[in-house]
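This report concerns only the one structure given below.
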Amino acid sequence: MSYDRFAAICKPLRYPILMRRSVCCIMSVATWFWSTVQALTCSLYVLPLPYCKSNVIIHYACDYPALIQLSCSDNSDFERTVYAGNFLVLLIPISVILASYIAILVQVVRVQSSQRSHKALGTCMSHLCVVGIFYITSLATYMKPASTYSPQEAMISTLFFTVVPAMTNPFIYSLRNRDVLEALKKTFGKFNLH
């Protein structure tokens, strides 16, 4: 989405070329492929581990940090490999997103029309809010050592990066619709809060 916003705001005349179907497919396939490789690598490592602790996983999902805690083997090599994979899965997209939005911000500052820049920033801010919630909690969950793993913290952060962005996304984008805003004003206007 950040690349789409970048193409639409910074290169509007080249948008049909920059966002053609083949480019979108390549970006989607690359994202799905790398995520699948990362998840498969973790699964193939974690499944055959010897487990000598409780068989109860304190988590919403069967996430690999929770399973590593139950294992009685040395997992330091795996942790280093996973951190390298997480670096690629999390930090490279964050870099691309930030670079896109910095380019957009530079373009908006150059534009003299305040209405146009306000619209561009409004479009970008809603996306940045959702992306920020997702990436900050993902980084806090997957980029810390397993020795500091806390099941309660992991459950809360997992809730934040899986459920909260999905719930806030429709809400944030619908508030940009004038009809929805008018309906909310009418609804809340009935409840005279004075």
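The values are calculated or read from the model by the stated rules, or taken from the named source; none is laboratory data. Predicted model only: the values in this text are computed from it and were never measured. Counting neighbours? That spans all protein chains shown, and the Cβs are built from the backbone with ideal geometry, glycine included. Just so you know, the surface numbers come from the protein's heavy atoms only, side chains and all, with ligands and any DNA or RNA stripped out. Shrake-Rupley method; radii C 1.70, N 1.55, O 1.52, S 1.80 Å.
Order these peptides, 2-8, 40-46, by their mean beta-carbon neighbour count within 10 angstrom, highest first. Don't skip to the end; give the middle numbers.
Numbers: 2-8: 18.0, 40-46: 14.9.
Averaged packing, sorted descending, gives the order 2-8, 40-46.
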Taking a ≥ b ≥ c as the square roots of the eigenvalues of the Cα gyration tensor, with a/c under 1.5 meaning rounded and otherwise prolate when a/b exceeds b/c and oblate if not, segment 35-162 is prolate
If unit charges are put on Cβ atoms (+1 for Lys and Arg, -1 for Asp and Glu) and the dipole of the chain is taken about its Cα centre, the option from Y135, I97, S35 lying farthest towards the positive end turns out to be I97
By the Cα gyration tensor axes a ≥ b ≥ c (a/c under 1.5 gives rounded; else a/b larger than b/c gives prolate, otherwise oblate), the shape of segment 1-84 is prolate
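Once fully extended, how much extra length lies between F87 and T168, figured as 0.36 nm per residue of separation less the alpha-carbon to alpha-carbon distance? Walk me through the numbers on the way to the answer.
Details: separation 81, 0.36 × 81 = 29.16 nm, distance 2.58 nm.
Fully extending the segment from F87 to T168 adds 26.6 nm.
Of all the accessible heavy-atom surface of the chain, with the other protein chains kept in place and a 1.4 Å probe, what percent is carbon and sulfur?
On the way: 9010 of 13120 Å².
Of all accessible area on the chain, carbon and sulfur atoms account for 69 percent.
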Cross-link reach from K144 to aspartates and glutamates, straight Cα distance under 19 Å and at least 8 residues apart if same chain, gives D63, D74, D77, E79, E153
Computed for the chain: size of charge dipole around the Cα centre, +1 on C-beta of each Lys and Arg, -1 on C-beta of each Asp and Glu, debye to nearest 20, value 1180 debye
Measuring from the longest principal axis of the C-alpha atoms of the chain, the long axis of helix 114-142 (C-alpha) lies at a number of degrees, nearest 10, equal to 10 degrees
For segment 88-129, the convex hull over Cα atoms projects on average to an area in nm² of 2.9 nm²
Placing +1 on each Lys and Arg Cβ and -1 on each Asp and Glu Cβ in the chain, then taking the dipole about the Cα centre, the residue among S157, I9, P65 whose Cα reaches farthest towards the positive end is I9
accessible surface per residue for the chain, probe 1.4 Å, DNA/RNA/ligands not counted, whole Å² -> 68 Å²
To the nearest 20 debye, segment 1-108 has a Cα-centred charge dipole, built from +1 on Lys and Arg Cβ and -1 on Asp and Glu Cβ, of 600 debye
At the level of C-alpha centres, the distance separating segment 31-100 and segment 129-188, in angstrom, is 21 Å
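Placing +1 at every Lys and Arg Cβ and -1 at every Asp and Glu Cβ, with all other atoms neutral, what dipole size does segment 53-152 have around its Cα centre, in debye to the nearest 20? Don't jump to the answer; show the numbers that get you there.
Values: 6 positive and 4 negative charges, 111 e Å.
Approximately 540 debye in magnitude.
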Within the set N75, N169, N55, GNM on the chain using Cα springs under 10 Å gives the largest fluctuation to N55
